Amino acid sequence: DTAEPSTEPTEQPSSGQGTAPAGPPLTGGEREGLKLAISRCYNVGALSSEALGVNIYVSVEMTRDGKPVINSIKLLRSENGSDAAAKQAYEAARRAIIICGNDGFDLPAEKYDHWKTVEIKFNPESMR
């Protein structure tokens, strides 16, 4: 498997009221399409051997036209490695999101509430 986006949004109600996203959730095919789009730009060749063993979870906000909001990309957590290895894996993931999202990801506009914030799991070991 490559980058493993979980395209269910993190709950971030804007007014303190827990409202559910409008519209139907993303289908498995739509989640897979986002995953493949990002993984095309995820360059694991530059990672250290330690960073190749780190799983990282990244969140990103998207504009309505499917483009990532660059300053919203955040490392949520990491598994299996040092802080330095996690930082290296995160920087590669961040570049992948920015580069492949430059023209906007192909996401259904009517489901924007479900993908305006996504959490993505990156597993470099499975991408070698």
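The values are calculated or read from the model by the stated rules, or taken from the named source; none is laboratory data. Predicted model only: the values in this text are computed from it and were never measured. Cβ coordinates were reconstructed from backbone atoms using ideal geometry, including for glycine residues, and neighbour counts include every protein chain displayed. Side chains included, ligands, DNA and RNA excluded: accessible areas come from the protein's heavy atoms. Shrake-Rupley method; radii C 1.70, N 1.55, O 1.52, S 1.80 Å.
Residue count for the range 74-107 satisfying the condition of being touching a helix residue (DSSP H, G or I) at 6+ places or on another chain (Cβ under 7 Å) and among the β-branched types (Val, Ile, Thr): 2. If the condition is being in a strand (DSSP E or B) and within 13 Å of the chain's Cα centre (by Cα), then the range 60-92 contributes Val60, Glu61, Met62, Pro68, Lys74, Leu75, Leu76, Arg77. Scanning the range 50-96 for residues that are charged (D, E, K, R) and either in contact with a Lys or Arg (Cβ under 6 Å, 6 or more places away or on another chain) or under 23 Å from Asp106 (Cβ atoms) (or both) turns up Glu61, Arg64, Asp65, Lys67, Arg94, Arg95. Looking only at the range 1-46, filter to residues that are at pLDDT 85 or above and charged (D, E, K, R); which one of those is most open to solvent (accessible area, probe 1.4 Å)? The residue in question is Arg40. Applying the criterion of being assigned to a loop (DSSP other than H, G, I, E, B) and open to solvent by less than 40 Å² (accessible area, probe 1.4 Å) to the residues of the range 97-107, the residue that is nearest to Thr27 (Cα to Cα) is Leu107. Candidates are the residues of the range 55-96 that are in contact (Cβ under 8 Å) with a residue 60 or more places away in the chain and closer than 18 Å to Asn43 by Cβ; the one that is surrounded by the fewest Cβ atoms within 10 Å (Cβ to Cβ) is Asn55. Residues that are of a type outside the set (A, V, I, L, M), part of a loop (DSSP other than H, G, I, E, B) and touching a His at 6+ places or on another chain (Cβ under 6 Å) do occur in the range 17-30.
In this structure, is Glu110 in contact with a helix residue (DSSP H, G or I) (Cβ under 6 Å, 6 or more places away or on another chain), surrounded by fewer than 17 Cβ atoms within 10 Å (Cβ to Cβ) and part of a helix (DSSP H, G or I)? Judged against the criteria, Glu110 is not a match. Do you know which of the residues in the range 113-128 that are among the charged types (D, E, K, R) and either at pLDDT below 90 or crowded, with 21+ Cβ neighbours inside 10 Å (or both) is nearest to Cys41 (Cα to Cα)? By that ranking, first place goes to Arg128.
Given the condition of a type in the set (Phe, Trp, Tyr) and touching an Asp or Glu at 6+ places or on another chain (Cβ under 9 Å), answer yes or no: does some residue in the range 87-96 qualify? Scanning the range 87-96, I find no residue that is of a type in the set (Phe, Trp, Tyr) and touching an Asp or Glu at 6+ places or on another chain (Cβ under 9 Å), so the answer is no.
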